[in-house]
1. Straight-line reach from K310: which lysines have Cα under 24 Å away, leaving out those fewer than 8 places along the same chain?
2. So how much slack lies between L168 and D506, counting 0.36 nm per residue of separation and subtracting their Cα-Cα distance, in nm?
3. Kindly state, as a whole number, the per residue volume in cubic angstrom of the convex hull around the alpha carbon atoms of the stretch 423-542.
4. Q463's amide H: which non-local residues (gap 5+, or another chain) put their own amide H closer than 5 Å, with H modeled 1.01 Å from N in plane and none for Pro or chain starts?
5. Cα gyration tensor of the stretch 169-316, axes a ≥ b ≥ c as square roots of the eigenvalues: rounded (a/c below 1.5), prolate (a/b > b/c) or oblate?
6. Take the Cα pairs of the stretch 385-445, get the Kirkwood Rh, then feed it into Stokes-Einstein at 37 °C and 0.692 mPa s and tell me D in µm²/s.
7. When the gyration tensor of the stretch 200-278 is built from Cα positions, what are the square roots of 5 times its three eigenvalues, in whole Å, from largest to smallest?
8. So what are the ³J(HN,Hα) numbers for the stretch 410-422, from phi and the Karplus equation (6.51, -1.76, 1.60; θ = phi - 60°), rounded to whole Hz, Gly and Pro as x?
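The values are calculated or read from the model by the stated rules, or taken from the named source; none is laboratory data. Nothing here was measured: the structure is a model prediction, and the numbers come from that model. Cβ sites come from the backbone with ideal geometry, for glycine too, and all protein chains shown count toward neighbours. The accessibility values were calculated without ligands, DNA or RNA, using every heavy atom of the protein model including side chains. Shrake-Rupley method; radii C 1.70, N 1.55, O 1.52, S 1.80 Å.
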Amino acid sequence: MASSILSDMFASGGEKPVLILDFGSQYTHLITRRIRQLSILTVCITGTSPLHAIAALNPCVIILSGGPNSVHANDAPSFPNGFLQYAEENGVPVLGICYGMQLLVQKLGGKVADGEKHEYGKMVITVVEEESEFFGSEASGEIQTVWMSHGDEALRLPEGFKVVARSLQGSVAAIENPSKKLYGLQFHPEVTHSPKGMESLRHFLIDVCGVPAEWNMEDVLQEQIKHVRSMVGPDEHVICGLSGGVDSTVAAMLVHKAIGDRLHCLFVDNGLLRYQERERVMSSFRNELHLPVTCIDASENFLGKLKGVKDPERKRKIIGEEFIRVFEGFAPKVGEEVGRNPSFLVQGTLYPDVIESCPPPGSGRNHSHTIKSHHNVGGLPERMNLKLIEPLKLLFKDEVRQLGKFLNVPESFLKRHPFPGPGLAVRVLGDVTEGNALNILREVDEIFIQAIKDAGLYDSIWQAFAVFLPVRTVGVQGDQRTHANAVVLRAITSEDGMTADWYYFDHKFLIDVVSKICNQVRGVNRVCQDITSKPPATVEWE
């Protein structure tokens, strides 16, 4: 999915990204983030993508990621036939990391086998080659601490390769074939446990491969404005669904800058919004962003379609399709005013949305796990009357915020915590229409978020919210036995939402918040805190 979504961005031969082929490592997307920190455009697609999809992205360097598989497994993922020939003929350097290195060794005729001593965690390596391109000539004899995670190891190298680093116990830690522009690392340079990893990546990409460190948000803005104008004809009109969050707001401002008043914004009340969200967001659109926005109350339609639905993936699919139907119904109304129906829809799809909506391993499609279908990616209906414009689909959340600054989006919007497109449907576990779950959750969430703001913690937290559990617990309130609902509070810190840690609240803060919730929200007698990081959990509960 990611390759098809991204290929149109590079088919014209303009920007040449560093391309990562993902073979399932938990660190793959960390590589993407680390290289972007070097001001280099980096994109990631499944490692089993067809060759034409790889070539369409016009990469300047290709990185083969690590992964949990052994290259000897029958269903071990691999790059497509002709890949190495393509790289050589086009002069594209290839760097294999962990599993990626072993794949290179095996495919080129070397030998990979189960190592006598597996290496996991922090290990020490020594640079043993004086003329190493990856490490640089000055690194010869240098001892480095790196992060290893492998059982298999390279026992015999293909012709033309040389060992440039070994682990303390003698295993091959890095290899090179400079004449073929092929390189391999058995360790992970992208993690903080490899202290010199970023320095080595910078040297390799910029000094060895000649990749220019020129990617920045100002250029992204100008490129996306040009891209939008190339998609939308001079007489065509565009609809944008605004949620009040950072992503859709920045996307709307960008497209508005590109085509002006031919953009028609729509805010949909789907019945799954937070406490007074509709009133607050519409006021902000008018008074801060000065965007003309039409508000449609479609809550009955959404909640009617969701009645009795408990499966989270099904909920996301229903919401995604219903949003599109609302937008398609809005288009003729705009057409009556301007004389032409809009044919495009703007969405604030981000790169993590694209990544997390990839098909699962073992499905026959590729190895990547579907974490969840995002309502604006995996949740879209197969047949749509509107063509999508997704100007942020290459960006992580922190990058979108940077872009928003160049578009003069107010800080009040840029600092807002993320809110999922399906809204409270993924925070009410089970049937969202059952009982008074939505209203209870709104009240609990409002108390929690306001307490965070009052404590001056809002900007230190990436995202905070409450979750409604479909269970009742026994309690004692007002000297009487109660049988009421349990809720969960979740707060995390993160840079881009791909990984996250739970936020450690002061004990007194939690005592005060729990007291307010149990005293002020009828129907709640138990409050829990989610202290799970991502991974193993996702940010949202569904």
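1. Output for K310: K372, K534.
2. 117.3 nm
3. Cα-based convex hull of the stretch 423-542, divided per residue, equals 104 Å³.
4. HN-HN under 5 Å from Q463: I492.
5. prolate
6. 226 µm²/s
7. 35, 20, 8
8. Going residue by residue, I get x, 4, 4, 7, 5, 8, 5, 5, x, 10, x, x, x Hz, with x marking Gly and Pro.
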